[in-house]
Structures are given as structure tokens and as C-alpha cells.
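**Student:** Encoded as C-alpha cells, here's the structure I'll be asking about.
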Amino acid sequence: MELAMLGQILEALALGGLLGGIGGLLGIGGGILAIPVLVMLYGMNQALAQGTALVMMTPNVLIGFWRYRQRNPFPLRTALLIGLCSVISTYPAARLAVNMDAGLLKQCFAAFLLLLAAYFLLDSRLRQAAGRPAWPETLLPLVGVVGGLFAGLFSVGAGIVAAPILVKGFGKKQAVAQGLALALVVPGAVVALWTYGRAGHIDWQLGLPMALGGVCTVSQGVAWAHRLPESRLKQLFALMLIVTALLMSRHT
């Protein structure tokens with residue numbers, strides 16, 4: 001029994017390390033990859049997988065935010081504003097998720113992945129309209145609210161949704177947008193983690209070693225993100241989302 005438990009811990013550490021590196025590379029914390037893996041490999045229902053993924057994702061996004069800001073400084077006041085506003089919608093969305101039918105939640109998650117994939121594929125072919133005025137900074141709190149909604153409902157996706165809004169709408173550079181997006185993921189992840197934990201939708205024995213593995217690799221992932229072509233990363237990420245969504249929709 002002890003050998004089996006040790007094997008499970010080592011497996012979780014390795015899995016967390018792999019997902020943490022990829023999460024740092026894509027600026028997403030790794031949760032969007034962890035959820036389908038937990039569903040398919042460990043037989044978890046959707047809500048339990050989302051809660052367990054949050055255990056790994058929360059420290060990852062904290063480190064990722066710090067690393068992105070080191071490389072691309074941006075005002076902490078702006079990051080704090082977006083992050084705090086995300087809490088407004090995270091809690092009610094998380095409550096909805098933990099009380100939703102697991103099968104329906106899984107189908108919604110798969111649809112969410114497909115929509116994200118479609119955006120990234122189209123975005124790699126389309127350029128932002130020249131001369132289009134940026135949105136006023138006073139609307140930045142809305143980015144936090146929208147991101148918090150996805151953070152609570154799916155436990156992932158806040159940063160992926162927020163970054164394109166910050167780039168396309170507010171004219172932020174991609175690296176700055178990813179750092180600010182992680183800023184709104186941090187408080188949303190903490191609130192969602194607390195909500196899922198209270199509902200009993202977390203496997204701590206698996207989630208904690210995954211978190212430790214992710215902490216060891218997320219910084220390297222961020223370093224990779226600054227070396228590889230952005231357009232290629234978007235295309236590969238979109239294909240990964242499509243495959244993941246198809247597997248999730250079929251695995252019932």
C-alpha cells in the first residue's frame with residue numbers, strides 16, 4: 001500500500017511538473033490542461049477535476065504573475081483593480097458550477113474550449129484594424145468581471161479570455177496583457193478554490209503533489225514563452241484545445 005501511495009505521489013509530481021511548464025509557456029497556469037487529464041486518467045467527474053486542478057493552478061498563477069511582471073513591468077494598481085473586480089463574478093459562478101449536473105458542466109466546458117480554439121485560429125490569420133481607438137482605461141474593471149465569470153464556472157479560462165480583450169480592446173502589448181490576465185486569475189482562483197473545497201470537490205492527496213511539481217517548472221515555462229514565436233504558439237494551442245474538447249465531449 002505504501003509503495004502504491006508513493007507511486008501515486010511521484011506520478012502526480014511528474015504530471016504537475018509537465019502541466020506547470022506548459023501552463024507557464026501559455027500563461028494559463030496549466031488548469032485548462034489538468035482538468036481533462038484528471039477526468040480521463042483518474043475517472044473524476046467534472047466538478048472534482050476542476051476543484052483539484054485549482055490546487056495546482058493557484059500557486060502556478062502566482063509565480064507566473066511575478067515572472068511576467070519581472071520581464072514586462074506594469075502598474076500594480078491596474079493589476080490589483082482587475083484582480084479585485086474578478087472576485088465579484090467568481091463566487092456566484094463557482095456556486096453555479098458546483099451545483100450543476102456534472103455531465104452538463106462537462107459539455108459546457110467542451111463548448112468553451114472549442115470557442116477558444118476558433119478564436120485563436122482566426123486571430124492567427126487576422127490583424128487588428130489599424131487606427132482603431134483603444135477602449136478607455138475606466139472599462140478595465142469589466143475585464144476582471146468577465147474573467148472572474150469563467151474562473152468560477154470552469155476554474156480556468158479567465159486569463160485566456162482576458163488577454164485578448166486587453167490586447168484587442170485596450171491596445172496592450174501581448175506580454176503585458178498576459179501578465180495582467182494572470183493578475184485577475186490569482187484572486188479568482190483563490191475564491192474558486194475555497195468554494196470548491198467547501199463543496200468537497202477537491203482531491204487534496206492528488207492536487208498537492210501536482211501543485212509542488214508545477215511550482216518547480218512554471219518559471220521555465222515563462223522563459224520559453226519569451227523565446228518562441230507567438231503566432232506558432234497560438235496555432236498549436238488552438239489545436240490542443242480542439243483535441244481536448246473532442247475528448248471531453250466523448251468521454252461521458
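The values are calculated or read from the model by the stated rules, or taken from the named source; none is laboratory data. Because the structure is a prediction, the values reported are computed rather than measured. For neighbour counting, all protein chains shown are included, and Cβ atoms are generated from backbone atoms with ideal geometry for every residue, glycine included. Ligands, DNA and RNA are excluded from the accessible area calculation, which covers all protein heavy atoms including side chains. Shrake-Rupley method; radii C 1.70, N 1.55, O 1.52, S 1.80 Å.
**Student:** Along the charge dipole of the chain, pointing to its positive end and built from +1/-1 on Cβ of Lys, Arg, Asp and Glu, which listed residue (Val222, Gln205, Gln50) has its Cα farthest out?
**Tutor:** Farthest towards the positive pole: Val222.
**Student:** If eta is 0.890 mPa s and T is 25 °C, what Stokes-Einstein diffusion coefficient results for segment 137-196, Kirkwood Rh from Cα pairs, in µm²/s? Write out the running numbers ahead of the final one.
**Tutor:** On the way: Rh = 11.2 Å.
My calculation gives 219 µm²/s for D.
**Student:** Ok, one more. So for the pair Arg232, Arg71, with labels modelled 7 Å out along Cα→Cβ, what separation do we get in nm?
**Tutor:** Here the answer is 1.5 nm between the modelled labels.
**Student:** Using a simple spin-label model with points 7 Å from Cα along the Cα→Cβ vector, what separation in nm is obtained for Ala134 and Ile88?
**Tutor:** Computed distance between label sites Ala134 and Ile88 equals 2.2 nm.
**Student:** Plugging the Kirkwood radius over Cα pairs into Stokes-Einstein for the chain, at a temperature of 37 °C and a viscosity of 0.692 mPa s, what D comes out in µm²/s?
**Tutor:** The diffusion coefficient I find is 184 µm²/s.
**Student:** Rounded to the nearest 500 deg cm²/dmol, what is the calculated helix-only ellipticity per residue at 222 nm for the chain, with -39500 (n - 2.57) per DSSP H run of length n ≥ 4? If you can, show how the numbers build up before the last one.
**Tutor:** On the way: 10 runs with 202 residues, N = 252.
The helix contribution divided over the chain gives -27500 deg cm²/dmol.
**Student:** Out of the total accessible area of segment 1-251 (probe 1.4 Å, heavy atoms of protein only), what percent is carbon and sulfur?
**Tutor:** Carbon plus sulfur share of accessible area: 68 percent.
**Student:** Let me ask something else about it. Please give the net charge around Leu153, taking every other residue with its beta carbon less than 13 angstrom from that of Leu153, where Lys and Arg add +1 and Asp and Glu add -1.
**Tutor:** Local charge sum for Leu153: +2.
**Student:** How fast does segment 11-109 diffuse by Stokes-Einstein, in µm²/s, taking the Kirkwood radius from C-alpha pairs at 10 °C and 1.306 mPa s?
**Tutor:** Approximately 107 µm²/s, per Stokes-Einstein.
**Student:** To continue, here is another question. Which angle between 0 and 90 degrees, to the nearest 10, do you get for helix 76-98 versus the longest principal axis of the chain when only C-alpha atoms count?
**Tutor:** With both axes taken from Cα atoms, the answer is about 40 degrees.
**Student:** Starting from the amide H of Phe170, placed 1.01 Å from N in the peptide plane, find each other amide H under 5 Å away whose residue is 5 or more places distant or on another chain.
**Tutor:** Result for Phe170 returns Trp135.
**Student:** With a 1.4 Å probe and all protein chains kept in place, how much accessible area does Arg69 have, in Å² rounded to the nearest 10?
**Tutor:** Around 80 Å² of this residue is reachable by solvent.
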